[in-house]
1. State the answer as a single residue: which of 76, 7, 135 lies farthest towards the positive end of the charge dipole of region 3-163, with beta carbon charges of +1 for Lys and Arg and -1 for Asp and Glu, about the Cα centre.
2. Applying the Karplus parametrisation 6.51 cos²θ - 1.76 cosθ + 1.60 with θ = phi - 60° to the phi angles of region 135-147, what ³J(HN,Hα) value in whole Hz is obtained for each residue in order, glycine and proline being reported as x?
3. With θ taken as phi - 60° and the coefficients 6.51, -1.76 and 1.60, list the Karplus ³J(HN,Hα) couplings across region 107-112 in order, rounded to whole Hz; mark glycine and proline as x.
4. Counting C-alpha atoms alone, how compact is region 55-105: give Rg to one decimal and Dmax as a whole number, in angstrom.
5. Taking 8 Å as the Cα distance limit and 6 or more residues as the minimum spacing, I'd like the relative contact order of region 3-163 as a percentage.
6. Can you give me the distance in nm between label points at residue 156 and residue 127, each placed 7 Å from the Cα along the Cα-to-Cβ direction?
7. What full-extension length gain, to one decimal in nm, is calculated for residue 71 and residue 7 as 0.36 nm per residue of separation minus the Cα-Cα distance?
8. Would you mind telling me the antiparallel percentage of the DSSP bridges in region 3-163, rounded to 5?
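Just so you know, all these numbers are worked out from the coordinates, no wet-lab data involved. Bear in mind the structure is a predicted one, so any value in this text is a computation, not a measurement. Here the Cβ positions follow ideal geometry from the backbone for every residue, glycine too, while neighbour counts run over all protein chains shown.
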Amino acid sequence: MNSSEQNTAILLLSDGTLIEGKPFGARGTVFGEIVFNTGITGYQEVITDPSYFGQLITFTYPELGNTGVNLDDQESDSPSVKGIIARRFAHQPSNWRSRKTFEDWLQDENVVGIYGVDTRALVRHLRTAGTMNAAISSTGRESPAGLLKKIRDTPLMLGLDLTGEVTTKKKL
């Protein structure tokens, strides 16, 4: 991977909106319904909340990761989302409970992220344009036209039965 690929990520919406940013977390390409969360705390809880299964989540809070990650704050065993969209993220946490940096956790859990995005403008666009699928890609190998075709081939969440995907395998 060359340095330009390592430093560039794209977010492409099914309506053709293309946003450039920087990659963080795992590297790759993921597809799903793009949604948003306007909370000011609890990014780890949101990311592990099964109700966000398979989605790309946009956080409007301007910086994620400042409290790091600890396993006590998870809503489930692992992240439910496929991708994270952020304005900024803290490379180094500042919390006594932190056991891992946000980026290391996303890499370990194979969650693709993009940052450097004006997330509030993105949310305004989503509120106006409505529900849609999108892709985050940080590989440098995908063309916008190729991604757009794949996005449009991705099933919409409406009507999907995901209970088998998010239900625990055994009684707790």
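1. 7
2. 9, 10, 9, 10, 8, x, 9, 9, 7, x, 5, x, 4
3. So the J values, rounded to whole Hz, are 4, 4, 9, 6, 9, 7.
4. Cα only, region 55-105: 11.0, 30 Å (Rg, Dmax).
5. Details: 370 pairs, mean separation 55.0, N = 161.
34 percent.
6. Output for this residue pair reads 2.2 nm.
7. Numbers: separation 64, 0.36 × 64 = 23.04 nm, distance 2.93 nm.
This chain segment gains 20.1 nm when fully extended.
8. Details: 18 of 32 bridges.
The answer is about 55 percent antiparallel.
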